[in-house]
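For reference, the structure discussed in these notes is given below.
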Amino acid sequence: MQHTRPLLQNDLAAAVSLSAAAFQNTSSYAAIVPDDDARKQFLAWLFERNYQFALEHGVARVVECDVQRRGYASLNVRREIVGFYLFERPGTPSPSLLVLVRWGFLGFPFRFGLGATARLLRLKSWFEAKEREIVGDREIAKLERVTVLPARQGRGVG
């Protein structure tokens, strides 16, 4: 059986780890941080901040599946997180400059380099321009960061 529920604070590390691993070889992130090891650190850093914001605004969800385990005495069922996504409703705020400062984005160039910073800002501007071009002034809901454990992919979890 599959269930969805809001992301909780104690789920944050699992969601960050799952997403960082899933997006490790994505071309856009590889373009921002070409080095594999540095990209792992970058994605964990980025998703931790993104998902904390999503958690605070109630837009992050986890997908759980019932997993049966045989114990010595009985059959026991527990829920396991197998997926994660963000569902941003119209009106969900973007992080303010103050929030970005609090998250440590001013230290980004020192941590990941000026080149990575420039590439991140260019890519972000490109995506925002494309979104404005397609969506215009309409308020829309967005489904983002759909991530499913590799062992559960192809089974309808997403």
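The table below lists the values:
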item	result
Low-density loop positions, chymotrypsin sites (Phe, Trp or Tyr not before Pro), segment 1-100 - DSSP coil, at most 14 other Cβ in 10 Å	72
Local electrostatic count at residue 157 - Lys and Arg +1, Asp and Glu -1, tallied over other residues with Cβ under 15 Å	+3
Pairwise label distance in nanometres, residue 1 with residue 25, each label 7 Å out on the Cα-Cβ vector	3.6 nm
Debye intensity ratio in log₁₀ form over the Cα atoms of segment 86-158, taken at each q of 0.25 Å⁻¹	-1.13
Relative contact order for the chain, counting Cα pairs under 8 Å that sit 6 or more residues apart, in percent	27 percent
Accessible area in square angstrom per residue, the chain, 1.4 angstrom probe	64 Å²
Helix 36-56 axis, angle to the chain major axis (alpha carbon atoms, nearest 10°)	80 degrees
Coil-residue GluC sites (Glu not before Pro) of segment 109-158, DSSP, other Cβ within 10 Å capped at 10	139
GNM top mover of 11, 37, 137 - the chain, alpha-carbon springs below 10 Å	137
Where only C-alpha atoms are counted, convex hull volume of the chain per residue in Å³	146 Å³
Fraction of alpha-carbon pairs over 16 Å apart in segment 1-56 - percent	44 percent
Probe 1.4 Å - accessible area at residue 135, Å² to nearest ten	20 Å²
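The values are calculated or read from the model by the stated rules, or taken from the named source; none is laboratory data. Note that the structure is predicted; figures quoted are calculated from it, not measured. Methodologically, a virtual Cβ is constructed for each residue, glycine included, from the backbone with ideal geometry; neighbour enumeration extends over all protein chains shown. Just the protein is used for accessible areas: all its heavy atoms, side chains included, with ligands, DNA and RNA removed. Shrake-Rupley method; radii C 1.70, N 1.55, O 1.52, S 1.80 Å.
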